[in-house]
Structure formats: C-alpha cells, structure tokens
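See below for the structure under consideration.
Laboratory data are not the source of any read-out in this text; all were calculated from the coordinates shown. Just so it is clear, the structure is predicted and the values come from calculations on it, not from any experiment. A quick note on method: Cβ atoms are made from the backbone with ideal geometry, for glycine too, and the neighbour counts reach across all protein chains shown.
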Amino acid sequence: MVSPFKEIKVDEVLVKIYKNRDEMGKAASLDVAERIREIARVKDTINIVFAAAPSQNEFLSYLNMEKLDWNKINAFHMDEYIGLPADAPQSFASFLKERLFSKKPFKNIFYINGNAVSPEEECNRLSRLLEDNPLDITCMGIGENGHIAFNDPHVADFDDPKKVKIVDLDEKCRQQQVNDGCFKDIDDVPRYAITMTIPTLVSSPFIFCIVPGKQKAEAVRNTLLGPVSESCPASIIRRCKNSILYLDLDSASKLEL
C-alpha cells in the first residue's frame, strides 16, 4: 500500500496526490489491480481500455508485476494516429504492445488500425466491439490541453452520439507529442487520429486517471477548478462516480492546496 501525501474530493472525483510519480504510478496500479480482482470474482470477462503516453509508464510498469487473471481481460487502447506505419515506435499500439500487451496472456487485444483502407469503417468496427464488450475500467491520462484520448477541446463533445470517431489534432496536442520526446518536430506528428469519444471513455463504471508532471499542472487546475466544460475535456471526470485522479506534487502544483 502507498499512502497519498494528500487526498481531496472535487465533486464526484477522488483526487490522490503523491510525493512523486513513482509512488503515484505504484498506487494507481495497486488500485486498478484490486478492482480487476473484484470484477473477476463475478465476471468471466473484464474489458479495460488503456492510454498510451509516457505519463503512464510507471503505472504500466507496476501493473505488469501484479498477479491477475489476465486471460479474463479484453484490452483496448483508446486512440491511434491515422497513417503512421504500424510498427512505428510512436504508434500507440506499439507503445502498449511493448509495455504491457505482449507481456501478459490477455483474452483479446483489440488494436486500432490507423492504416485501415477506410478509417470510417475502422471506427464502425471498433464501435461494434465496444457494443459487444462494454468497458468495465478506463485507465487514462490528461493532455496538456485538457484532452482525454484525442478529444481535444475543439472536437470534444460530452454528448457525442458516436462511440469512436475521426478527429483532427490541435497544435497544442501535436506539440505535446514533441515535448514528450515522441517526435522530433511538430511537422512529423500526424494531423488526424481515430479516438474513442468522451461518452465511451466515461461509460465504464470505474475510471482511473493517472497524471504526473509539471507540464500537466495547468490542465489539472482547469480540470478540477474550472467549469465542467468541453473547453477542458478532462473536467468531465468530476461528474463520474467511482473516478480517481492520481497526481504527483508537480502536476498538483497549481491547485494551491
């Protein structure tokens, strides 16, 4: 067990703040693992969607150490670039395959194909998979512009009728990929992606949001202290019961707690 440095409640979301990102990642992994065990006692299949970003590294590393019924888990990833080579290291499928998906005997892994001949049909395929396998757990992060998955503010819709859609990425989102060291230059970052929509992400009964780093401090402040609005898509978690936001002291630095 890793005790938080501070714990607060903002609307429906429980906020756990840790001294550093390693403790934060470990604590999140323990909570997610325990929830998986609880669900596994009553269900034969558990559907989990994972985020792919450097902010998830510690969480994924510790989750790898947990002894779980991995063969009961269907794994999704929440977004993918359009047109990036499938084996590119920046691909979110590649990211999660390297850190988690290839390491455990999952029941199924539902990859998003960013190189599908028809991206629209790929969205439809994923939508059908989500209808057949409703999410039980969402493990996500928050972008520097407040996005969740690739729902940037200009395309975010809390009442989106779609489960999965094609989006164009805003400049701040694309610059974050450079800041994270994923691409050398913003011109290298794809402009379009396939993403699960906000209603899909928050449809799961349990949401675990892992957000370390000083570069996320402004987005965290907007998420917790600003209006619940598509201008900061992540603010939707304040309406979600059984949601937990994990921070380190850096990402919590603008909360003035």
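For the range 94-126: of the residues being in contact with a Leu (Cβ under 9 Å, 6 or more places away or on another chain), in contact (Cβ under 8 Å) with a residue 40 or more places away in the chain and assigned to a loop (DSSP other than H, G, I, E, B), which is farthest from residue 64 (Cα to Cα)?
114
What pairs come out if I take residues in the range 79-93 that are on the phi < 0 side of the Ramachandran plot and pair them with residues that are of a type in the set (Asp, Glu) and assigned to a strand (DSSP E or B) whose C-beta lies under 7 Å away, six or more apart or interchain?
Here the result reads 91/80; 92/79; 92/80; 93/80, each pair linking the range 79-93 to a residue that is of a type in the set (Asp, Glu) and assigned to a strand (DSSP E or B).
What strands (runs of 3 or more DSSP E) lie completely within the range 1-69 and have 3 or more residues being within 18 Å of residue 207 (Cβ to Cβ) and under 19 Å from the mean Cα position of the chain (by Cα)?
Those strands (runs of 3 or more DSSP E) span 13-18, 46-50.
Tell me, which helices (runs of 4 or more DSSP H) lie completely within the range 167-257 with 3 or more residues that are of a type in the set (A, V, I, L, M) and closer than 23 Å to residue 58 by Cα?
In the range 167-257, the matching helices (runs of 4 or more DSSP H) lie at 217-225.
List the number of the failed condition for residue 131; all other conditions in (1) touching a residue at least 40 places away in the same chain (Cβ under 8 Å); (2) closer than 29 Å to residue 239 by Cβ hold.
The failed condition is (1).
Scan the range 1-51 for residues that are polar (S, T, N, Q), touching a Pro at 6+ places or on another chain (Cβ under 9 Å) and surrounded by 22 or more Cβ atoms within 10 Å (Cβ to Cβ) and jot them down.
Scanning the range 1-51 gives a single hit, 47.
In the range 184-220, which residue that is crowded, with 19+ Cβ neighbours inside 10 Å and either touching a Pro at 6+ places or on another chain (Cβ under 7 Å) or among the aromatic types (Phe, Trp, Tyr) (or both) is farthest from residue 22 (Cα to Cα)?
So the residue we want is 194.
What residue, among those in the range 56-67 that are surrounded by fewer than 17 Cβ atoms within 10 Å (Cβ to Cβ) and in contact (Cβ under 8 Å) with a residue 24 or more places away in the chain, is farthest from residue 1 (Cα to Cα)?
Here the answer is 57.
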